[in-house]
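A short write-up of the structure that comes next.
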């Protein structure tokens, strides 16, 4: 039986430049937090853990953890998510709530890389590492120790380039962030374009 790979959705931010918490931002009639949960679930991650902070989010079918330290940045939210992952999870795929164009196939490819032997796998777009990121359990303690501010797993990944397996996902979606109302308008427009190939 294959080891469980959980999904962690970081959804704690206040979205100050957007004027509302990112988790609740409506995109195509659906809040970003729901889109992020669907991304991880459709990609094969289970269970899905949602880390909240700036606002309470009423969710069912997921593990919700509130990060009281969310104003300090993404690092504390990643640490909270890792601490919440069930004991039978051998790895996690970490996704960001403000990247709704990432495709579920990217999650599937990261999990496939893990089952093929990678302990750290990073989705790349045109060869450039972005998100989501898969982290094997043996690295969680160090990831947590190095996670500070808005860096998330970045400090760990930079400290251990030899561990990173890049997984090209440029044909599965895009890692565009929603930080401003202009970003939201642009990404809303992109959603009306024909979808990218979703090949496994």
message = Restricting to segment 83-104, and then to whatever is within 15 Å of residue 133 (Cα to Cα) and over 12 Å from the mean Cα position of the chain (by Cα), can you tell me which residue is surrounded by the fewest Cβ atoms within 10 Å (Cβ to Cβ)?
response = 90
message = Please pick out the residue among 59, 110 that is modelled with pLDDT of 95 or more and either closer than 27 Å to residue 172 by Cβ or part of a strand (DSSP E or B) (or both).
response = 110
query = Residues in segment 30-42: is at least one buried (at least 17 other Cβ atoms within 10 Å of the Cβ), part of a loop (DSSP other than H, G, I, E, B), within 17 Å of the chain's Cα centre (by Cα) and modelled with pLDDT of 95 or more?
reply = no
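Taking the conditions exactly as written (buried (at least 24 other Cβ atoms within 10 Å of the Cβ) and in contact with a strand residue (DSSP E or B) (Cβ under 9 Å, 6 or more places away or on another chain)), does residue 107 satisfy them or not? First the steps, then the outcome.
Details: buried (at least 24 other Cβ atoms within 10 Å of the Cβ): yes; in contact with a strand residue (DSSP E or B) (Cβ under 9 Å, 6 or more places away or on another chain): yes.
Taking the combined requirement at face value, the residue satisfies it.
Among the candidates 97, 164, 120, 143, which residue alone is closer than 15 Å to residue 7 by Cβ and touching a strand residue (DSSP E or B) at 6+ places or on another chain (Cβ under 7 Å)? First the steps, then the outcome.
Working: 164 fails: closer than 15 Å to residue 7 by Cβ; 120 fails: closer than 15 Å to residue 7 by Cβ; 143 fails: closer than 15 Å to residue 7 by Cβ.
Of the residues listed, the single one that is closer than 15 Å to residue 7 by Cβ and touching a strand residue (DSSP E or B) at 6+ places or on another chain (Cβ under 7 Å) is 97.
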ask   = Quick check, is residue 130 out of contact with any helix residue (DSSP H, G or I) (no Cβ under 8 Å at 6 or more places or on another chain) and assigned to a strand (DSSP E or B)?
value = yes
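The values are calculated or read from the model by the stated rules, or taken from the named source; none is laboratory data. Remember, it's a predicted structure, so these values are computed and weren't measured experimentally. Note that we place each Cβ from the backbone using ideal geometry, even for glycine, and neighbour counts take in every protein chain shown.
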